[in-house]
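Note sheet for the following structure.
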Amino acid sequence: MSSRNGRVALGFPSPFAPPGEEAHDVQLGLTANWRQFTLLVVINAFVGAMVGLERSVLPIVATSDFGIASTTAVLSFIATFGLTKALTNLAAGRLVDRRGRRFALITGWLIALPVPLIILWAPTWWWIVAANALLGVNQGLAWSATVIMKIDLVGPRRRGLAMGLNEFAGYLAVALAALASGVVASTYGLRAGPAYLGVAIALAGLALSVFFARETMHHAALEESADPVVGAERPSVRQLLRRSLWFDRGLFSVSQAGLVNNLNDGLAWGVFPLLFAGAALSLRDVSALVAIYPAVWGICQLWTGPLSDRWGRKWLIVIGMVLQGIALVAIAQTQGVLAWTSALIALGLGTALVYPTLLAAVGDIARPSWRGIAVGVYRLWRDLGYVVGALLAGVVADAFGVPAAISAIGALTIASGLVVALRFDETRIVEGV
């Protein structure tokens, strides 16, 4: 490592790196890295779009193409997606710290390529469930990589902003892809339209990652070298998992809140299309309603991420969780497009308050040398929420009806917010420190 003019030149091997990228001068901060940061925002939009393509059509494909009547069986594709994504997140945390962020990003896109074609040609529902296992691996690798790369680039003072921009791009793309999938499915078929669009998205994301993305481990090393704490502990995955279960107030609080937040998202993904279609709405109308929640979620993160840098993490998380819970109960207890639209907007706003703030809090807690592992552990718990949400929503819906399932998860979300209020200690880095 050498320094000159306030910059540090660090040499790291970068898997899949083009010639000349093995070592280069690095600086921390959004201004110094805006080109690469912007590229990663675009790449994460393609990552989010891969999931968005499924949000309007797959639950309907299950019932119309394959004749599946059980809500639990319909939601099996979400449970499979969530389990593989959660486990991949954990593996990705180790992978990005050992092999590099870019390696994980490119590998994630390679795994995504066959997913749309498997869905298109699937002879049974369980082929689609298997395709979603691959999609979970794609999301675990590619989304984790873009999250960590952005945190690396901006340094310690703008984590909330970085995560707001990252999640804005990802979830606005989820919404736009959900809307687009409904349109192309109406024209070209429930599976054909979204599948061909998915192939184009995967190829575009892979091309940008291979030819333009650069390794950011150099930036993490620079931040680590500037930290005054010498010889600090580098915990293992097992130690971090244990700490996140209860013993570390911060990791426990964000992990359980992340799990419940994605429990909600699994519910929205699998149950909302069935609820809206059951009200005799057209596929285009169902797609439009389904897109509202991730669209509001995505756009509002442009403000909520930076807001957490100024106001702190804790109370944005608490308010967001409670607002999500209230919105879910409202969706369950009301009828009609106008009432659902209002509740979906509130649900999106609540999620926007929580989502980038939780990631920023993990970035506060973890040191740069074990940031990848910490993000992987957090995202493990968070994406297990898809599994819990799919199973809980399916069982309750089959026994008591869809509205009861939505209301139960709404009450659980409010309780999760109260846990953060009682257990979480503020982690925001004070401006100027």
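Read the figures in this text as sums done on the coordinates, not as results from a lab. These numbers come from a predicted model, not from an experiment. Virtual Cβ from ideal backbone geometry, glycine too; neighbours counted across all protein chains shown.
What is the projected area of the convex hull of the Cα atoms of the range 118-232, averaged over all directions, in nm²?
9.5 nm²
Which three extents, in whole angstrom, do the alpha-carbon atoms of the range 288-355 cover along their principal axes, largest first?
Dimensions of the range 288-355 along the principal axes of its Cα atoms: 38, 21, 13 Å.
Taking the 0 to 90 degree range and rounding to the nearest ten, how far is the long axis of helix 314-333 tilted relative to the main principal axis of the chain, both from C-alpha atoms?
Taking Cα atoms only, the helix is inclined about 10 degrees.
May I ask you to compute the full-extension gain from Phe212 to Tyr188, defined as 0.36 nm times their residue separation minus their alpha-carbon distance, rounded to one decimal in nm?
Value of the extension gain: 5.3 nm.
Compute the length gained on full extension between Ser236 and Gln27: take 0.36 nm times their separation in residues and subtract their Cα-Cα distance, giving the result in nm to one decimal.
72.4 nm
Less than 12 Å Cβ to Cβ from Thr304, Lys/Arg counted +1 and Asp/Glu -1: what total charge do the surrounding residues give?
The answer is 0.
Which FRET efficiency, nearest 0.05, do Ala204 and Ala279 yield, Cβ-Cβ r, R0 41 Å?
0.70
Please compute the volume of the convex hull spanned by the alpha-carbon atoms of the range 216-331 and report it per residue in Å³.
173 Å³
How much length, in nm to one decimal, is gained on full extension between Arg249 and Ser64, taken as 0.36 nm per residue of separation minus their Cα-Cα distance?
62.0 nm
How long is the chain along each principal axis, judged by its Cα atoms, biggest number first, in Å?
Between the extreme Cα coordinates on each principal axis of the chain lie 66, 48, 35 Å.
So for the range 339-433, considering every pair of alpha-carbon atoms, how many percent are separated by more than 15 Å?
74 percent
Which of the listed residues, Ser282, Val61, Leu392, is farthest toward the dipole's positive end in the chain, when Lys, Arg count +1 and Asp, Glu count -1 at the beta-carbon?
Result: Leu392, furthest along the dipole toward the positive end.
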